[in-house]
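Colleague: Have a look at this one before I ask anything.
The values are calculated or read from the model by the stated rules, or taken from the named source; none is laboratory data. The shown structure was predicted, so the numbers you read here are calculated from the model rather than taken from an experiment. Because the Cβ atoms are built from the backbone with ideal geometry, glycine has one as well, and the counts that use them run over all protein chains shown.
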Amino acid sequence: MIGGAGTSKTWKQVGQVTGQVSTIQTTESGEFAKENSQERVRPGDVFSPEPGARSPEPGARSPEPGARRLAAGGWRGKSRLAFPRLRRYHPAMPARLVIFLAAFLVFPLWLGPSAAATEWSLEPDASRTFVFPDAPPSLWREALGIEKATAATVLLPTDYTEDRDFPLLLLIGGAQGNHGHEADWIRQYVGDTGIICVSIPLFIRELAPMEEDESNRWIRLYLGPEESAWIWRAWRPMLETVFAAIPNIDRSKCFIGGFSNGANATAIVLDNPETGPELRDYFGHFVLIEGGKEISARPAFDGLSFLVCEGALKAGRFQPIATGLSRIPGVAVNFHQMPGVGHAVPDHEKRWVGNWIRAKCALPALDPIRPEEGVVTDDFEGR
């Protein structure tokens, strides 16, 4: 079964605009060639106006040899702008001028995600969303049918400073996962201090259509090992951008994981011999909550740490994962069974997981949350 929790609040995004400006080449002798014509215009020549065109203003001069042409249609240096004259010889110039000005004004937005990251002002509690227009649509978008650009969001802790390094937690929700445009919900786990929070989406190569009776509502979202390469293809540029945007990440304390399908995605990318080594370049700690059964016990996991959680009402499904991982030399494994819980992660268990992460980072624990009355069995609401 696959599930997720929470709702979104706000989002920001980065756009892209492209433009192209054609120019007229200037020769060393100071002459320039008219477009689509063999005619040559030399410095000092007298321009003959077309029928109905205005004559040049008194005193207007031709450019001196070697003068440089402005993209706006005039001449730099001693001469004034002469738009009517240029329009007679190049009817497309007004349109090109508009394109040039538009491209100039929006140039900062033309930068890709990595370039935009370098301009980010790192401040306490700052949030930044990076959009990836070349990435495939997220599983969230495919499953819900909501148009939303593929994105990743970084949220700095309220005590952020550039004077020291900070741990990082990348967490992914269940079911269709997250849309990637906000990361506030991760603070439900680890609080707002001490840890950088990152949210990214899930991806699937092809989402099966919904049956008329919706009997495949959840199983069609399931991410198996065959999706690992596709997921990593989308994740790699996101991680490159995020880690380039923040210079003081504590690379020894980087966590990734999630609930249900978020744990599944983490496990299959880590388990794939081709994608796993690259994922381990970024993360050494893995959180698998009610998911991740596809992971195997590989010797390459030496030096990694895992937290495996399962609901006690459906016990026995994920404990074998922890048992297998614990047999690998050099691997640290914690197994946590959530009392009174089925396939879900209620708030008090989110806090338990968050305090496990904070302990790994040598950060003070947050106050525990009192368990809600009654039994929590399922939680499928995606974020």
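Colleague: Report whether or not GLY354 is assigned to a helix (DSSP H, G or I), in contact (Cβ under 8 Å) with a residue 12 or more places away in the chain, surrounded by 14 or more Cβ atoms within 10 Å (Cβ to Cβ) and in the same structural domain as GLY174 (by TED's automatic domain parsing).
Modeller: Working: assigned to a helix (DSSP H, G or I): yes; in contact (Cβ under 8 Å) with a residue 12 or more places away in the chain: yes; surrounded by 14 or more Cβ atoms within 10 Å (Cβ to Cβ): yes; in the same structural domain as GLY174 (by TED's automatic domain parsing): yes.
For GLY354, the condition - assigned to a helix (DSSP H, G or I), in contact (Cβ under 8 Å) with a residue 12 or more places away in the chain, surrounded by 14 or more Cβ atoms within 10 Å (Cβ to Cβ) and in the same structural domain as GLY174 (by TED's automatic domain parsing) - is met.
Colleague: Looking at SER296 and the list (1) on the phi < 0 side of the Ramachandran plot; (2) in contact with a strand residue (DSSP E or B) (Cβ under 9 Å, 6 or more places away or on another chain); (3) polar (S, T, N, Q), which single condition is not satisfied?
Modeller: (2)
Colleague: Please go through segment 198-210 and give me each residue that is assigned to a loop (DSSP other than H, G, I, E, B) and in contact with a strand residue (DSSP E or B) (Cβ under 7 Å, 6 or more places away or on another chain), ordered by number. Write out each step before concluding.
Modeller: Let us first name the residues in segment 198-210 that are assigned to a loop (DSSP other than H, G, I, E, B), namely 200-210.
Within segment 198-210, ILE200, LEU202 qualify.
Colleague: Keeping to segment 215-270, report how many residues are among the acidic types (Asp, Glu) and under 21 Å from ALA175 (Cβ atoms). Full working, then the answer.
Modeller: In the first step, residues of segment 215-270 are kept if they are among the acidic types (Asp, Glu); the result is 226-227, 240, 250.
Then drop every residue that is not under 21 Å from ALA175 (Cβ atoms), which leaves 226-227.
Final tally of qualifying residues: 2.
Colleague: When segment 291-320 is examined, which residues are found to be under 18 Å from GLY262 (Cα atoms) and in contact with a Gly (Cβ under 6 Å, 6 or more places away or on another chain)?
Modeller: Residue satisfying the conditions is GLY311 alone.
Colleague: Considering segment 123-133 alone, what residues qualify as being in contact (Cβ under 8 Å) with a residue 60 or more places away in the chain and either among the acidic types (Asp, Glu) or over 14 Å from MET238 (Cβ atoms) (or both)?
Modeller: Result: ASP125, SER127.
Colleague: Only residues that are of a type in the set (Ser, Thr, Tyr) and part of a loop (DSSP other than H, G, I, E, B): list them for segment 154-197, please.
Modeller: Within segment 154-197, the subset of a type in the set (Ser, Thr, Tyr) is 158, 160-161, 189, 193.
Those that are of a type in the set (Ser, Thr, Tyr) and part of a loop (DSSP other than H, G, I, E, B): THR158, TYR160, THR161, THR193.
Colleague: Tell me whether segment 245-262 contains one or more residues that are surrounded by 20 or more Cβ atoms within 10 Å (Cβ to Cβ) and free of Cβ contacts under 8 Å to residues at least 40 places away in the same chain.
Modeller: no
Colleague: OK, next. With the checklist (1) without any contact (Cβ under 8 Å) to a residue 40 or more places away in the chain; (2) within 26 Å of ALA267 (Cβ to Cβ); (3) among the polar types (S, T, N, Q) in hand, flag the one item THR158 doesn't pass.
Modeller: Answer for THR158: the failing condition is (2).
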